[in-house]
Structure formats: C-alpha cells, structure tokens
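Derivation of every value follows stated rules applied to the coordinates shown; laboratory data play no part. Values in this document were obtained by computation on a predicted structure and should not be read as measured data. Every residue, glycine as well, gets a Cβ built from its backbone with ideal geometry; the counts of neighbours run over all protein chains shown.
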Amino acid sequence: MQQDSTQPKVSRWCIVSMASIPLVMTLGNSMLIPVLPIFENKVGITSLQSSMIITSYSLAAILLIPVAGYLSDRFGRKIVILPSLILALIGGLIAGYASWKMGDPYLWIMIGRVLQGMGAAGAMPIILPLVGDLYKDDEKKTSSCLGVIETSNTFGKVLSPILGSLFAAFLWFLPFFSISIFSFLSIVMVFFFVKVPKGKEEKPDQLKVFIKKTKQIFKREGKWLYPVFMMGGYAMLVLFAVLFFLSENLEKTHGIHGVKKGFVLAIPLFALCVTSYVTGRKIKDNTMVMKWVMMICLIMTAITVAFVGYVSDALSLLLITTSVLGIAIGAILPALDAMITEGIEKEERGTITSFYSSSRFVGVAAGPPVMSLVMKDYLNVSNLAAGAIGAILLVLVIKFIQGKKEQMPEKGII
C-alpha cells in the first residue's frame, strides 16, 4: 500500500510523548494508593475518606470523558490534550499546597483531585483515537503502538507504589506536587513532538447530530461493545480494589511500611506491565486471538481474585496470587484496546474510546471505596462475588464477541 503523502512520519519521540500521557495520569492516581494510610494519619481521616481521594479523581473523569471525546472529534486531539494536561498540573499544585499550608486540607485536596480528574478526562482517553489517526491505514502498527501505550499505562502502575512511597518518605504531601512536575514534562513533549495529521476540512457535527450518530453506533455495534466496556470496568475495579487491600494488608498484617512496601506492591504490577507489553506486540490485528486472550484471562481473573482473601495471611502466597491476577489483567487491557480500534471506524473512534475509558474509570472509582467497606467483615464473600462476575463476563464474551479468522497473519499467530 502506498503511503499517504499527507501523513506525517511518526517519530520515536512522538510515540514517547503520547506514552507519557497515560504514564503521568496513572502516576497521578496509583501513586497515592501506598500512601493513603499516611494521609489518614496526617489529615485525620478514615480509610473510606482516604479512598475518596482516588475515587474523586475517577468520578470527575467518568463524567467528562465523553465530552472530551466529542470535542476531540470536532476540534482535534492535540487541542483537547494540552489544556487537559495543564488542568492536571493545576490540580496537583492545589492539593499539594493545601496539604502543606492548611490545618484541615481535606476539602482542598478533594478539589485538586477533581481538577486532576478533569484533566485526565481530556488527555488519557484521547490517545487511543490519536494513535489510530497517526497510523490510519496500518492496523498492525496501530496495534503495536497501542501495546506501547498500554504498557506505559501499566508501567506507571509499577512505578507508582515505589515513587509514591519514596516521595512520601521525604514529605507526605510531595506526591501531589510531583504530579504537577510530571504533567509539565508531558505538556512540553506533546507540544513539540506530537504532529497530528491534517484531516479533511469538514464541518463538525452539531451536538444533536453527534448524539444521534452515537446512538446509531451503539445500536449497530453494541452487541460486542457492551461486553468490552464491562470487561474494562471489571478489570480496573478488581485491580484497584486488590491494590487498596494489599496496601492496607502489608502494613497491618505483615508490618511492611514505607519504600519497602512500595517495592512489594510493585511485584504484581510488574507482572501486569510485562504481560501487557508482550500481549500488545503479539495480538496485532487478529481479533480471534483477542477473543481467546479475553476468555483465558477472564478465567484466570475469576479464579485468582476469589482466593485473595484466603491467602492474605501468607505473604508469599498472597504475592503469587496477586501476580497471577496482574498477568491476567495485563493481557486483557491491550486486547480490549485493540478490539475497539479494529472494530470502530476512524471517525468514530474518539467517541467510542471515550465511553470505553469512562467504563474503566468507573472501575477505578469503585474499587477502593468498595474494598474499604468490605475488607473488614466481608472480604472473602466480596472476592467470591467478583469471581462470579468474571464468569458471567466470560459467557458474554463467548456469545457476543466474534473473532475474525480471516485476519490471522499468514505465518501464524505468534
């Protein structure tokens, strides 16, 4: 296929710049999980209130992500991404300054976190359609780049507990300020290195037309889109609920604190990161492989999450179980990203990936507070329920997601 002359070459720095966005946004949320017990002591709040520091970020993102997707389709990806990163930077400064200077900073921390969530809504989800724009006629490169993006996201989860614990060891509120610094670096890279291809000069859809088209997309593709959305939300709910539990359990049951706890938390997240990278490289544009990855990993997730509570007193078994869980979720996420990119037309990707990102943030928002409510008296029951939900999702994948054998590479899957 002859390369489109209007299509700019995608440089390595462009890919690095795009990958910096999910990295920064993941750090902006996951980095706070290992230091929530410190916030509880310093600010004088309960575990449920501390979990809301994570949830407030995600709730703001859930509500605004579809709006950001619509605006990116109308006015361009970069025009939406840059102001959103600036908003995330400002939110970090507000939360950090309030923690530093105020006697009762909780309200202002929450305000800063909401602003960061608004920034996440306009930056992180727009990357998926942007990748599709840059590699508009090369689905294999699109899938490979999405693997890098998802790996950056998961690598941020590996770094998060280590960096969060390390920063908090110097100053307990330093993680808030660090988010602003990372956001600034991402702003600079995106501004200079991301070159968005020029599209056709078309009048953007009005809001009523946009809503009508969105309904048509879901009517046409909803049979497989809804299970994909549910899997994204489920994977993130399980991940963040287990991380919240693991952070609390390492301190209260195993006496592991500070930077050491950060490294222990990073073990299952490292397994998630490596698996995400390998999966993104291997699945390419093969939807049949994507479906098999989803099915196998849903089985793994359903089984391992059900046993987390039963092995929580044995540290080695707990880390093995959570690492297997990390492997399963690490394989699911790039498969879901690629499934949406392969199944949705370019001009519709911004809208659909925004709704998909919202579904993931629903899981992020629900995980910590749900775990804070159940982990004392109903841990095993709730984990068994999570396993049962995974089994139900497996049935939906088998029934509604159709892999296309004709997309399989000539030389085999792997």
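Listed values, structure above:
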item: Sorted by Cβ neighbour density within 10 Å, fewest at the top, the residues F361, F355, F244; result: F355, F244, F361
item: Furthest towards positive pole of dipole, Y57, L243, I126, structure part the chain, Cβ charges; result: I126
item: In Hz, Karplus ³J(HN,Hα) per residue of the stretch 314-326 (6.51, -1.76, 1.60; θ = phi - 60°; x = Gly, Pro); result: 9, 4, 5, 5, 5, 6, 5, 4, 5, 5, 4, 4, x
item: Between helix 47-75 and the chain: long-axis angle, C-alpha atoms, 0 to 90°, nearest 10; result: 10
item: Packing-based exposure ordering (other Cβ within 10 Å, fewest first) of W100, W224; result: W100, W224
item: For the stretch 226-288: rounded, prolate or oblate by the Cα gyration tensor [a/c cutoff 1.5]; result: oblate
item: Residues L82, L89 arranged by fewest to most Cβ contacts within 10 Å; result: L82, L89
item: Assigned charges on the beta-carbon of Lys, Arg, Asp, Glu; the chain dipole about Cα centre (debye); result: 620
item: More than 18 Å apart - percent of Cα-Cα pairs taken over the stretch 57-162; result: 58
item: Between 0 and 90°, nearest 10: helix 77-101 axis offset from the chain longest Cα axis; result: 10
item: Crossing angle, helix 139-170 versus the chain [Cα axis fit, 0-90 degrees, rounded to tens]; result: 20
item: From phi via Karplus (6.51, -1.76, 1.60), per-residue ³J(HN,Hα) for the stretch 236-246 in Hz, x at Gly/Pro; result: 6, 4, 4, 4, 6, 5, 5, 5, 4, 5, 5
item: ³J(HN,Hα), Karplus 6.51/-1.76/1.60, whole Hz, each residue of the stretch 110-121, x for Gly, Pro; result: 5, 4, x, 5, 5, 4, 5, x, 4, x, 4, 4
item: Signed unit charges on C-beta, dipole axis of the chain, positive-most listed residue T321, V362, P34; result: V362
item: The stretch 122-271 shape via C-alpha gyration tensor axes, a/c threshold 1.5; result: prolate
item: Cα centroid of the stretch 339-376 to Cα centroid of the stretch 88-127, whole Å; result: 21
item: Between the stretch 52-66 and the stretch 135-199, the alpha-carbon center distance in angstrom; result: 18
item: Span per principal axis, largest first, for the Cα atoms of the chain (Å); result: 60, 44, 38
